[in-house]
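Note sheet for the following structure.
The values are calculated or read from the model by the stated rules, or taken from the named source; none is laboratory data. Remember, predicted model here, so these are calculated numbers, not experimental data. Every residue, glycine as well, gets a Cβ built from its backbone with ideal geometry; the counts of neighbours run over all protein chains shown. Accessible surface is based on the protein model in full, side chains and every heavy atom, while ligands, DNA and RNA are left aside. Shrake-Rupley method; radii C 1.70, N 1.55, O 1.52, S 1.80 Å.
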Amino acid sequence: MPEENMQCFKTLEYLKNSYGERIHQISDERKSGKKLVGTFCLFVPDEIIFAAGADRVILCGGKNDTVSIAEQYLPRNICPLVKSSFGSIVNDGCSGIKSCSHFSMVDMIVAENTCDSKKKMYELLGDYVPTYVIDLPQRPDTPEALKYFLSELEKFRDAMEQLTGNKVTTEGLRQEIRSSNETRQLLHRLYELRKRDPSPISGADVLKILQKQYFLSPDKLKEYLQMLINEVGSVEPGQVHKPRIMISGCPMPGGNTKVTEMIESKGGVIVTEESCTGTRSFWDLVDENKEPMTALAERYIKIPCSCMSPNDRRIDNILELAREFRIDGVIYYTLQFCHGYNIEKQKVQKALKEAGIPMLSIETDYSDSDVEQIGLRIDAFMEMIS
Ligand code: BJ8
């Protein structure tokens with residue numbers, strides 16, 4: 001956050017320069033025959049990809065400049081995340097817009113059946129990159145759903161074995177589960193520090209590392225997280241209370257920092273995010289005592305994405321986070337044309353009202369056209385909750 005009395009963390013400076021290093025690592029890996037998998041969603045278990053000896057990068061687009069490329073192929077009225085992602089992949093450079101190098105390096109996309117826009121985008125992406133789709137059951141609380149999801153993960157494991165030529169062993173999966181749980185625990189420690197009042201780190205700074213969570217290698221991510229925790233943990237306790245904000249709703253992939261920065265430039269501090277670039281990505285651990293494939297299926301099917309129905313688990317999580325992080329107000333953040341999160345807003349609003357927690361709803365895209373109008377609404381909200 002570009003605010004006086006906020007710390008500058010060295011870790012985030014190093015993180016800023018991590019892109020080139022990671023690209024070198026990936027190209028060296030590819031030269032030695034290692035496969036690279038691209039993903040778009042939390043429902044794809046990293047553990048299976050790594051246990052097969054492949055690497056992975058996230059392909060979700062958060063930049064506005066590739067949206068116009070996608071609009072040559074896709075309808076305008078779909079969410080900017082899908083358009084930006086698609087635009088980055090199909091961009092042939094003729095438009096003069098440069099896509100990040102990793103979009104052109106993946107050997108296979110591993111997709112999932114979540115929202116309609118993504119499902120249909122994956123059908124088109126198959127023309128550009130081999131695309132494997134995990135079929136996700138969307139009524140997660142039934143025993144049949146778990147059984148079906150487990151069978152889908154088994155098929156996915158087989159597909160990874162075929163791609164890499166490596167066998168996924170039970171021991172390999174156990175090791176990857178332990179490793180991913182270590183990352184989740186580090187993120188819990190970082191979020192524990194955000195419970196202080198005032199928070200020793202801004203939401204904009206936490207977002208920088210969360211946007212790289214599925215881009216960096218797991219080892220590098222752990223190294224950065226540990227460094228950041230050390231730095232944040234040694235910040236002197238501050239005195240000035242700022243309105244404590246929770247963001248809830250759509251993810252904010254790399255390149256998209258608009259609303260986060262606006263909230264914090266208006267005097268609030270984001271202390272937690274109920275989002276896939278937030279707690280949804282790490283809150284639950286995988287049970288290390290169970291048979292690994294079953295444990296993965298049980299953990300991943302519970303992710304409270306709005307593509308699930310019913311999705312009451314999400315409301316419970318929001319209320320729990322609001323209590324734990326002593327939230328003064330929630331900013332409900334949706335991307336335009338994201339029907340799932342837009343419709344679920346009604347239930348979230350009702351639950352927060354009953355709990356006496358104020359909420360402001362912001363629906364936006366990746367452009368700057370609405371910055372002034374959103375700024376005025378955030379100003380009024382801050383005044384109300386201060
Ligand atoms: S688990 S939130 S990463 S699907 S914003 S593309 S939902 S129309 S990103 Fe997501 Fe997985 Fe769910 Fe998380 Fe569709 Fe909405 Fe666009 Fe979205």
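A few remarks follow.
- Residue 217 surrounded by 15 or more Cβ atoms within 10 Å (Cβ to Cβ) and of a type outside the set (A, V, I, L, M, F, W, C): yes
- Subset tally (residues that are surrounded by 15 or more Cβ atoms within 10 Å (Cβ to Cβ), part of a helix (DSSP H, G or I) and in contact (Cβ under 8 Å) with a residue 60 or more places away in the chain) for segment 149-170: 9
- Residue in segment 6-20 that is surrounded by 21 or more Cβ atoms within 10 Å (Cβ to Cβ) and without any contact (Cβ under 8 Å) to a residue 40 or more places away in the chain present: no
- Matching residues, segment 243-257, being of a type outside the set (Ser, Thr, Tyr) and surrounded by 20 or more Cβ atoms within 10 Å (Cβ to Cβ): 243, 244, 245, 246, 247, 249, 250, 251, 252, 253, 254, 256
- Per-region count, segment 328-347, residues more than 11 Å from the ligand (Cβ to nearest atom) and open to solvent by less than 30 Å² (accessible area, probe 1.4 Å): 4
- Matching residues, segment 268-298, being in a loop (DSSP other than H, G, I, E, B), away from the ligand (no atom under 12 Å from the Cβ) and surrounded by 21 or more Cβ atoms within 10 Å (Cβ to Cβ): 268, 286
- Qualifying residue in segment 171-188 (condition: without any contact (Cβ under 8 Å) to a residue 40 or more places away in the chain and in a helix (DSSP H, G or I)): yes
- Residue match in segment 365-380 (condition: hydroxyl-bearing (Ser, Thr, Tyr), within 16 Å of the ligand (Cβ to nearest atom) and out of contact with any Ser or Thr (no Cβ under 9 Å at 6 or more places or on another chain)): yes
- Hey, residue 125 over 26 Å from residue 368 (Cα atoms) and either away from the ligand (no atom under 14 Å from the Cβ) or at pLDDT below 95 (or both) or not: yes
- Residue in segment 227-241 that is assigned to a loop (DSSP other than H, G, I, E, B), away from the ligand (no atom under 16 Å from the Cβ), touching a Pro at 6+ places or on another chain (Cβ under 9 Å) and under 21 Å from residue 279 (Cβ atoms) present: no
- Selection of segment 100-116 for residues being touching a Cys at 6+ places or on another chain (Cβ under 6 Å) and either hydrophobic (A, V, I, L, M, F, W, C) or in a helix (DSSP H, G or I) (or both) yields only 115.
- Every residue from segment 299-312 that is among the charged types (D, E, K, R) and open to solvent by 50 Å² or more (accessible area, probe 1.4 Å): 302, 312
For (1) more than 19 Å from the chain's Cα centre (by Cα); (2) more than 28 Å from residue 300 (Cβ to Cβ); (3) assigned to a loop (DSSP other than H, G, I, E, B), each residue gets a yes or a no:
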| site | (1), (2), (3) |
| --- | --- |
| 26 | yes, no, no |
| 34 | yes, no, yes |
| 47 | no, no, no |
| 53 | yes, no, yes |
| 57 | no, no, no |
| 64 | no, yes, yes |
| 77 | yes, yes, yes |
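- Scope segment 128-145; condition more than 14 Å from the ligand (Cβ to nearest atom), under 28 Å from residue 67 (Cβ atoms) and touching a residue at least 40 places away in the same chain (Cβ under 8 Å); matching residues: 129
- Candidate set from segment 30-67 (those that are more than 14 Å from the ligand (Cβ to nearest atom) and of a type in the set (Val, Ile, Thr)); member that is surrounded by the fewest Cβ atoms within 10 Å (Cβ to Cβ): 57
- When residues in segment 299-311 are screened for being over 18 Å from residue 151 (Cα atoms) and more than 11 Å from the ligand (Cβ to nearest atom), 2 of them pass.
- Flag for residue 146 being open to solvent by less than 70 Å² (accessible area, probe 1.4 Å) and assigned to a loop (DSSP other than H, G, I, E, B): no
- Residue in segment 95-108 that is under 21 Å from the mean Cα position of the chain (by Cα) and within 14 Å of the ligand (Cβ to nearest atom) present: no
- Scanning segment 354-364 turns up at least one residue that is at pLDDT 95 or above, assigned to a helix (DSSP H, G or I), more than 13 Å from the ligand (Cβ to nearest atom) and open to solvent by 10 Å² or more (accessible area, probe 1.4 Å).
- Test set (1) buried (at least 23 other Cβ atoms within 10 Å of the Cβ); (2) in contact (Cβ under 8 Å) with a residue 24 or more places away in the chain - residue 70 fails condition number: (2)
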